[in-house]
Structures are given as C-alpha cells and as structure tokens.
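Some notes on the structure that comes next.
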Amino acid sequence: MENLGIGSWLQRRRPKSGTKAAVIAGTRELSYEAFARRAARLANALRDRGVAKGDRVAYLGENDPSFLETLFAAGLLGAVFVPLNTRLAPPEIQFQLQDSGAVLLVHAAALAGLAERGSAGTAVRGRVVVADDATAAGAAVPDGGGAAPASGASASAASVEEFEAVLASGAEPAPDVPVGLDDPAMILYTSGTTGNPKGALLTHANITWNCINVLVDFDFSSADVALMISPMFHVASLDMGVLPTLLKGGTVVLEPRFDPRRTLELIQQHRATTISGVPTTYQMLCEHPDWDSTDLSSLNKLTCGGSAVPMRVLEAYEQRGLRFSNGYGMTETAPGATTLPAARSRDKAGSSGLPHFFTDVRVADPLDPEAGQAPPGTVGEIQIKGPNVIDQYWNRPEATADSYTADGWFKSGDMGYKDPDGFVFISDRLKDMIISGGENIYPAEVEQAIAELDAVGSVAVIGVPDEKWGEVPRAVVLLREGARLTEDQLRAHLDGRLARYKIPKSVVFVDEMPRTASGKIRKADLRKLAPATGQ
C-alpha cells in the first residue's frame, strides 16, 4: 500500500485477523474483515462527497464503532480526524470547528442540537448523523446542546445525511492515497492558559510511535480484550488503549459511558484483560456492591492517569490480586510520556514512573531551563522528546515556538523531579491546570468567562480537593464596589457557555485579592481561604 498511516491499519490487519472480533459494542460485533470493509466503503463515500487529503473531518459522539470507522476512513483518504468532546457547550464546539476548518461533521443523533448549533457559521458543509436506537425523537441534548447559537451565528445550512446510508453508498476496494508518517493524522484540542484551546497536531508517526511504546511497555498481545470505559475523544483512551489493541489484533469492547455496575458486568462477560481510567473510575468500581462477587481473574493490565491512585484504592485492588500501571503524559505527547510498572506501584508509590521506551524525559535545571538535566531530587520543569511528541500546534506558530527549547525538547509546563533511580515525580503544575475526574480544566478559560459579568472586579479559579473527583474548580471573586452577585447567578451565567465540569463547584467572595508586587494574584494564598468542597 502507498498509505503508511494509521488509516491503512485495518486493511493491513484484515488478511491476518479476518474473522476475529475487532470491535464489540453492546449486541454488535464486527470482525476485522467487516470492520475493514466498512471503513473502506465509508472512505470512498466521503471522497465522493468531496473530502480530500488534508481536509479535516470532525466527530462528535460517545464511544461507538462509527467513531473508529470515521477515523480510519479519514486516514485512508489522508484527511485529518478531529474528535470533539461531547461535554462542551455550543460556543466551544463552534470554536474548534472554526479553528480546525472542518468540512464534515459526523455526530450522534442524540447530539443533533449541539452539532447544529456548534457548526453554525463554520466551514462545515455536511453533517452525517449516526442513528441511535435508544434516542427518542426530540431527546434533550446534554451540556448546553439546546442553548442558542454563539453570537453572530445562525442555524447551520450544511446538508444532513444518515451515517449508514452514506456508508452503503461507498464502493470497494479501499482507496490507496499516498500518506506518509509525517503527514497530519489528528487535531486534538487542549485548553491553553490564554483561554482559547489549541489544536495539537498529531502526525501518523506520533501515533504509531506512541502505540509502539504501549506495546513494548504494557506487553500487549493479540489475545487482549480492551474494555474502553473512557471516552475515545480523549487521547489517552484512543491512543493508549484502542489503537494499540487494534494494531496488535486484539478485541476492543466499547461502552458509550462509564457505569460501575455495567463495567463489572462487562469485565466478567467478555473476559476483559485490560481497562484504563482515572482514580475516580477505579474508586467507584471497588466501592460498588458487585465488586466482591465479580470475576476479575481475566484482568492483567490496569492503567491509570490523571493523578496518583489513593492508597485505599490501591489496597482494594491488591486484595483482588490486581496492580496498577500509573502514568504521565499529555495530548502533545500522543499522550504517553512515562509509565510506572505495576510491580513498582508500592516501592515507588507517588511516582509517574520511567520514560516510555522510545521517549526521553528530563527535568530542566530550574536556574537555567535551557542548560539540560537537573540533579536527582531537584525540582524543575518536565521536558519531553521523542517521535511521539508533536512538532506544532494547528495554526499557532507563536504557541509552537514558545513550547520548545532551543535543542528541541517540549516544555510540558509541569514541575517535578527524578529520584536517583530515574523515576519521575510530578510535584506541581506550572500552568495551574485542574484535573477533575480525568478532565483537564484550565483556570484562564473559566476566569475569562466569569470576568464577562459586570459585577466582577477580579477573579481567580483554583482547584480544591474533592473526595469523588480528585479536585474540582472553585472561583474566588472580588466584586466591584457596590456590586452584587450570588453564587447561583454566577453559575447561571456560565451554564451554556462552558462545559458543566468546568463550572466552579463553589464560589468564595473576598474583600481583597492577595497579589504579588507585580500585581499577579497569589493562588497559593487563595487555596487557604476555605476548606475543600464536600467538607
């Protein structure tokens, strides 16, 4: 094949694993043969509708085979796949579609309202709707899907077709467009400290090398059954679980959303060997009443990211003979940077582990970040280099230039250190990012939305501990003199503007903001103002 990218994987896997189950979703099961044929037909159908190499194709929906069929079809054409977070509000969807220049949007029927409003005023010229048997006509759209279009936008004039009809219109065999490893494969949006998200441009090489790292460090095999309970629009689920499993010829079981009872049931039913999630996911599983009665003997790989696993959760799994592989990474590293081997989960507790096999990680000298590696135990910025690391943000030359050292290391913005054995420990987040239940929240974006209120003089958003989600956002607000604003009014202002997980769970009104001599708000002081939520 002329196509060396990820779009060719199903076609290359087809003769090797033809009748084996590739994807299971509810009562549906697709063999590698059927899966490859559907991706090929969809690719030709999209080409018939004008999608060409370099065009961007977006997807909005929960975990479903159509997500992967769209991904592989786009890859066969050399088009760029843009997965969208279903929890975003219409203005956020609209920004990402505008910024990426997506020409086609494939979306779940349940999210039709969000898709229509989000695509209004963008370059999207066609929408393809994935039918959902469970979706009733006129079903409510979650997370602001029923909100009005963004300012200045009108209802989208894009043509609308049904996914299965589009796919059936496509011919076989698969198109063989020349695609190189350095060609762009995906744009994944990651929130930035300036408020607007940036599109991390992952090449086929970035994704391929990340998958190789996963296969090496987690010892994947063709016998693996990966249960995907985290959304594939997050790079960790897609690139650390789904794609390595399909590359190796294993089976992927897709669940549209996480439910602890259902997850335990599926582990036992499908003899799942691997699951991935965040600490909250694993906590909810081991606290469920069915935990003790579920057969978990098939599990041999449990991967966790976002933050360290609490000791009580670690112990609950150890009692069942299970251990975690914790890790650290980001969208820009496709996403794996380090992993803590399960065998070291005790003696290196709190560590994010060692660099992945083909990835290098260093801690920059805090006195001279461009000078190289800091001594063991010295806290500095985590910097990453390797074939899985992006080399640019989409249409953001200044952000790209600011993100790399002179000698080519990606500046993560996270602070940490290495111990004498080379294990990485993350000590702080230079960019103040909040990780809530596995979702990244950047305070600047939330602060920008709150500052739109006339009553607000200044605002700072911080993360505070939360027993269920790890941490949640809190807004600290200084009102203008004589102004009035309630917590409910602030939240109502944000509803529909931001995804609900980004809306502060608590608001603290202050008479004065602690500031440095240069006028910057001292967020460390704000964290001492009130106890954590839920206490």
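Taking the criterion of being in a strand (DSSP E or B) and hydroxyl-bearing (Ser, Thr, Tyr), the residues of the stretch 418-472 that qualify are Ser427, Ser436, Ser458. Total residues in the stretch 178-197 satisfying the condition of being modelled with pLDDT of 95 or more and touching a strand residue (DSSP E or B) at 6+ places or on another chain (Cβ under 6 Å): the figure is 8. Of the residues making up the stretch 248-257, those that are more than 18 Å from Ala108 (Cβ to Cβ) and crowded, with 21+ Cβ neighbours inside 10 Å number 4.
Just checking, how many residues over the stretch 321-342 are within 18 Å of Tyr282 (Cβ to Cβ) and among the aliphatic types (A, V, I, L, M)? Of the residues in the stretch 321-342, 3 are within 18 Å of Tyr282 (Cβ to Cβ) and among the aliphatic types (A, V, I, L, M). Of everything in the stretch 290-334, what is touching a residue at least 60 places away in the same chain (Cβ under 8 Å) and aromatic (Phe, Trp, Tyr)? Give them in sequence order. The one that is touching a residue at least 60 places away in the same chain (Cβ under 8 Å) and aromatic (Phe, Trp, Tyr): Tyr328.
Residues in the stretch 1-32 that are outside any helix (DSSP H, G or I) and among the small types (Gly, Ala, Ser): Gly5, Gly18, Ala21, Ala22, Ala25, Gly26, Ser31.
When Pro256, Pro260 are checked against the criterion of being in contact (Cβ under 8 Å) with a residue 12 or more places away in the chain and either of a type in the set (D, E, K, R) or over 22 Å from Ser66 (Cβ atoms) (or both), Pro260 stands alone in meeting it.
Residue by residue, here is whether (1) more than 28 Å from Gly353 (Cα to Cα); (2) in contact with a helix residue (DSSP H, G or I) (Cβ under 8 Å, 6 or more places away or on another chain) holds:
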| residue | (1), (2) |
| --- | --- |
| His270 | yes, no |
| Ile275 | no, yes |
| Val278 | no, no |
| Cys286 | no, yes |
| Gly305 | no, yes |
| Ala316 | no, yes |
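Selection over the stretch 469-515 of residues that are touching a Leu at 6+ places or on another chain (Cβ under 9 Å), closer than 29 Å to Asn85 by Cβ and among the aliphatic types (A, V, I, L, M) gives a count of 10.
When residues in the stretch 101-118 are screened for being closer than 11 Å to Ala58 by Cβ and crowded, with 24+ Cβ neighbours inside 10 Å, 7 of them pass.
Please indicate, with yes or no, whether at least one residue in the stretch 458-475 is farther than 30 Å from Tyr282 by Cβ, at pLDDT 90 or above and not hydroxyl-bearing (Ser, Thr, Tyr). Checked against the condition, which is being farther than 30 Å from Tyr282 by Cβ, at pLDDT 90 or above and not hydroxyl-bearing (Ser, Thr, Tyr), the stretch 458-475 yields at least one hit.
Under 6 Å by Cβ, and 6 or more places apart or on different chains, what pairs join a residue from the stretch 101-123 that is of a type in the set (D, E, K, R) with one that is part of a helix (DSSP H, G or I)? What qualifies is Arg117/Pro90. Within the stretch 231-248, the only residue that satisfies the criterion of being touching a Phe, Trp or Tyr at 6+ places or on another chain (Cβ under 7 Å) and of a type in the set (Ser, Thr, Tyr) is Thr245. Once the stretch 201-237 is narrowed to residues that are among the hydrophobic types (A, V, I, L, M, F, W, C) and more than 25 Å from Arg257 (Cα to Cα), the residue that is surrounded by the fewest Cβ atoms within 10 Å (Cβ to Cβ) is Val216.
It is to be established whether one or more residues within the stretch 15-32 are buried (at least 21 other Cβ atoms within 10 Å of the Cβ), modelled with pLDDT of 95 or more and basic (Lys, Arg). Looking through the stretch 15-32, none of the residues is buried (at least 21 other Cβ atoms within 10 Å of the Cβ), modelled with pLDDT of 95 or more and basic (Lys, Arg). Restricted to strands (runs of 3 or more DSSP E) entirely inside the stretch 220-313, those with at least 1 residues that are modelled with pLDDT under 95 and more than 26 Å from Glu29 (Cα to Cα) are 301-304. Being among the hydroxyl-bearing types (Ser, Thr, Tyr) and closer than 25 Å to Thr339 by Cα is the filter here; which residues of the stretch 243-301 pass it? Those that are among the hydroxyl-bearing types (Ser, Thr, Tyr) and closer than 25 Å to Thr339 by Cα: Thr245, Thr251, Thr263, Thr273, Thr274, Ser276, Thr280, Thr281, Tyr282, Ser297, Ser298. Restricting attention to the stretch 33-60, the residues that are surrounded by fewer than 23 Cβ atoms within 10 Å (Cβ to Cβ), among the small types (Gly, Ala, Ser) and either at pLDDT below 95 or part of a helix (DSSP H, G or I) (or both) total 2. Of the listed requirements (1) modelled with pLDDT of 90 or more; (2) of a type in the set (D, E, K, R); (3) under 24 Å from Ile207 (Cα atoms), Asp419 misses just one: (3).
For Glu265, the test of being charged (D, E, K, R) and closer than 25 Å to Ala58 by Cα is failed.
No other residue among Val456, Val424, Val446 is in contact (Cβ under 8 Å) with a residue 12 or more places away in the chain, buried (at least 22 other Cβ atoms within 10 Å of the Cβ) and under 24 Å from Gln489 (Cβ atoms) apart from Val446.
The values are calculated or read from the model by the stated rules, or taken from the named source; none is laboratory data. As the structure is a prediction and not an experimental result, all values here were calculated from the model. Please note: Cβ atoms are built from the backbone with ideal geometry, for glycine as well, and neighbour counts cover all protein chains shown.
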